[in-house]
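One structure is given below, encoded as structure tokens.
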Amino acid sequence: MLIRLALAWMLGIVVAEQARPATGWLWAGAGASLLAALALHGERRQRMRLAALMLLCATLGGLRYLSTLPTLGPQSVTSLVEQGEVTLTGSVAGEPRRNEEQQRVTLRVETATVAGRTAAYEGQVLVVLPPYPTYGYGDRLQVRGELRRPRPAERPGEFDYRAYLAHRGIFVMLTGPEEAHQMPGRRGLAPLAAVLAFRAHCQAILLRSLPEPQAALAIGVVLGIQSSIPDEVYRTFSITGTSHILVVSGWNFTIVAGMLGALATRLRLGRGATLALALVVMWVYAVFTGASAAVLRAAAMASLAAIARATDRSTEPWHLLFGACWLISLADPHTLWDLGFQLSALATASLFAYGAPVAAWFNQRQPFNWPVMAPVTEALVATFAAQVLTLPLILYTFGNLSLVAPLANVVIVPVVPFAMGLGAITLLGGLVWLPLGQCLAPGAWLPLTWIAEGARLLAAPRWASAQMPPFPLWMLIVWYLLIALHWWRSRFPGEPCPPETSHQAEA
């Protein structure tokens, strides 16, 4: 039931985003479905009761989405669009996104000056600034330029930058600023600022301990920061279909959970103390690594698994996945439009659904069933199983089909845990004493070099990837419906709905 209710909740969010119904109708639908669910009893009415509960979740999901939409009143910064040059003061909301050429700062506006008159305004503005000097979360800035709306998609099916920013609460951009003036004082949450400052300190230690591009890769796999990765290096990982190793994923949380379990056993902590320690550490780690939607999904799944173990409940993987997606979309419904969240959730679901069938196919064929080929077979199984549900979205969004992805994942992915572990050891040594971290760095340099050079060599041939022609959204939806229908019928012939059990798998 949890899976069906979670699907109904997320479907209600999507429908509300497209239709924008009046909240009165949604409240009426929620009340009617609640009364129907309470009135329907007995075994013969279980399906009708389930339908009423699903309708209740769908309407509540729609109401939750509509409640997050901002009210753009006269004091909203959007009212200053195309009003000429304005001077904005505000604080940096979140961590700026940096690359070699620029830094993108989300400014939470406090005041605006137009034609010599200053007044209080509210809202967020995207400001593109030079890469230096760098700014951080909570810094107060003053910038000058003209406000405009982000560009929409020119044709159906193209990337809609305006919608992308709107789901992040940003409706305007400031054009023309060549610099920002930092102002006295700071804003924001002090604990979050402390975590991000410590993260920047860790990044500096890895940069001083390892050469490039090994340092940038270590920062990506250990700290979850991709901004320091050179564009050319990132392009090679995109071509080889291995960009997923540059971000923090469920694998990181599996390692953290294992370490916490060993620590709790050694300290002989009780269940309550073990659970509290696990939840605190995992969510601090999630914030420390950037708190992206994909990271939050992994943290939520790990947290639900920890709670289930502490309360002697089953950790059924599908329930963990949909429960985590439900919680994340409850906190922020706009997460459903985050591409990283979509790919992360689809990859996890694809492993759950197709991990065992793909593994059985490989285990029936030589040389993949030879014991010596076990690491290669495991990497191939994970690659092909995850691609079933992620590849359609990748082709729709980017149009890039990596022809070397299976080989690249076999060559590179098995080395990632060593790079992650040795990179973390280098960082810990550097935190104690920088020369100690630099002495430990050669151990991490070897797997990081293997990863970087492997991606570079495999991306070198012109045929390493192919650009696919664009296709409409309805074709993507039909594609996923056909995949889902095939899986349901192959796993559960004769059943109208998918059951809520599946084989165990790790994402």
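The values are calculated or read from the model by the stated rules, or taken from the named source; none is laboratory data. All figures in this text were calculated on a predicted structure; none of them were measured in a lab. Every residue, glycine as well, gets a Cβ built from its backbone with ideal geometry; the counts of neighbours run over all protein chains shown.
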Legend entry - Residue count for segment 8-33, restricted to those that are out of contact with any Phe, Trp or Tyr (no Cβ under 7 Å at 6 or more places or on another chain) and under 19 Å from Thr335 (Cα atoms): 9
Inset, instruction - Scan segment 53-67 and give yes if some residue there is free of Cβ contacts under 8 Å to residues at least 60 places away in the same chain and farther than 21 Å from Pro333 by Cβ, otherwise no. - result: no
Inset, instruction - Specify which of the listed residues (Thr78, Thr111) is touching a strand residue (DSSP E or B) at 6+ places or on another chain (Cβ under 6 Å), part of a helix (DSSP H, G or I) and not basic (Lys, Arg). - result: Thr78
Inset, instruction - Could you identify the single residue in Pro333, Pro357, Pro367 that is out of contact with any Pro (no Cβ under 8 Å at 6 or more places or on another chain) and closer than 23 Å to Cys57 by Cβ? - result: Pro333
Inset, instruction - Being in contact (Cβ under 8 Å) with a residue 60 or more places away in the chain and assigned to a strand (DSSP E or B) narrows it down to one of Ala455, Ala424, Ala466, Ala441, so name that one. - result: Ala466
Legend entry - Sole residue being of a type outside the set (A, V, I, L, M, F, W, C) and outside any helix (DSSP H, G or I), chosen from Pro406, Pro392, Pro367: Pro367
Legend entry - Failed condition for Ala216, given (1) surrounded by 13 or more Cβ atoms within 10 Å (Cβ to Cβ); (2) at pLDDT 90 or above; (3) in contact with a strand residue (DSSP E or B) (Cβ under 8 Å, 6 or more places away or on another chain); (4) not charged (D, E, K, R): (3)
Legend entry - Residue in segment 330-340 that is nearest to the chain's Cα centre (by Cα), counting only those that are in a helix (DSSP H, G or I) and surrounded by fewer than 22 Cβ atoms within 10 Å (Cβ to Cβ): Gly340
Inset, instruction - Name, by its number, the condition in (1) more than 25 Å from Leu401 (Cβ to Cβ); (2) at pLDDT 90 or above; (3) within 24 Å of the chain's Cα centre (by Cα); (4) not hydroxyl-bearing (Ser, Thr, Tyr) that does not hold for Pro447. - result: (3)
Inset, instruction - From Arg187, Arg268, Arg208, grab the single residue that is surrounded by 15 or more Cβ atoms within 10 Å (Cβ to Cβ) and either assigned by TED's automatic domain parsing to the domain that holds Pro414 or basic (Lys, Arg) (or both). - result: Arg187
Legend entry - Meets criteria (surrounded by 16 or more Cβ atoms within 10 Å (Cβ to Cβ), within 25 Å of Gly169 (Cβ to Cβ) and polar (S, T, N, Q)) for Thr23: no
Legend entry - Odd one out for Leu330 among (1) under 20 Å from Ala16 (Cβ atoms); (2) touching a Lys or Arg at 6+ places or on another chain (Cβ under 6 Å): (2)
Inset, instruction - Evaluate the following for Leu34: is it in a helix (DSSP H, G or I), crowded, with 18+ Cβ neighbours inside 10 Å and not hydroxyl-bearing (Ser, Thr, Tyr)? - result: no
Legend entry - Criterion: closer than 27 Å to Trp318 by Cβ, outside the structural domain of Gly94 (by TED's automatic domain parsing) and without any contact (Cβ under 8 Å) to a residue 24 or more places away in the chain - qualifying residue of Ala276, Ala293, Ala300: Ala276
Inset, instruction - Please tell me if Ala194 is exposed (fewer than 15 other Cβ atoms within 10 Å of the Cβ), of a type in the set (A, V, I, L, M, F, W, C), out of contact with any Gly (no Cβ under 9 Å at 6 or more places or on another chain) and closer than 26 Å to Ala331 by Cα. - result: yes
Inset, instruction - Would you list the strands (runs of 3 or more DSSP E) that sit entirely within segment 114-207 and hold 2 or more residues that are in contact with a strand residue (DSSP E or B) (Cβ under 6 Å, 6 or more places away or on another chain) and farther than 30 Å from Val284 by Cα? - result: 117-120, 139-148, 170-175
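Yes/no matrix, rows are residues, columns are (1) outside the structural domain of Trp25 (by TED's automatic domain parsing); (2) closer than 30 Å to Gly12 by Cα; (3) in contact with a Pro (Cβ under 6 Å, 6 or more places away or on another chain):
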site: Met54; (1), (2), (3): no, yes, no
site: Leu60; (1), (2), (3): no, yes, no
site: Leu72; (1), (2), (3): yes, yes, no
site: Asn99; (1), (2), (3): yes, no, no
site: Thr118; (1), (2), (3): yes, no, no
Inset, instruction - Output yes when any residue across segment 128-149 is under 22 Å from the mean Cα position of the chain (by Cα) and at pLDDT 90 or above, and no when none is. - result: yes
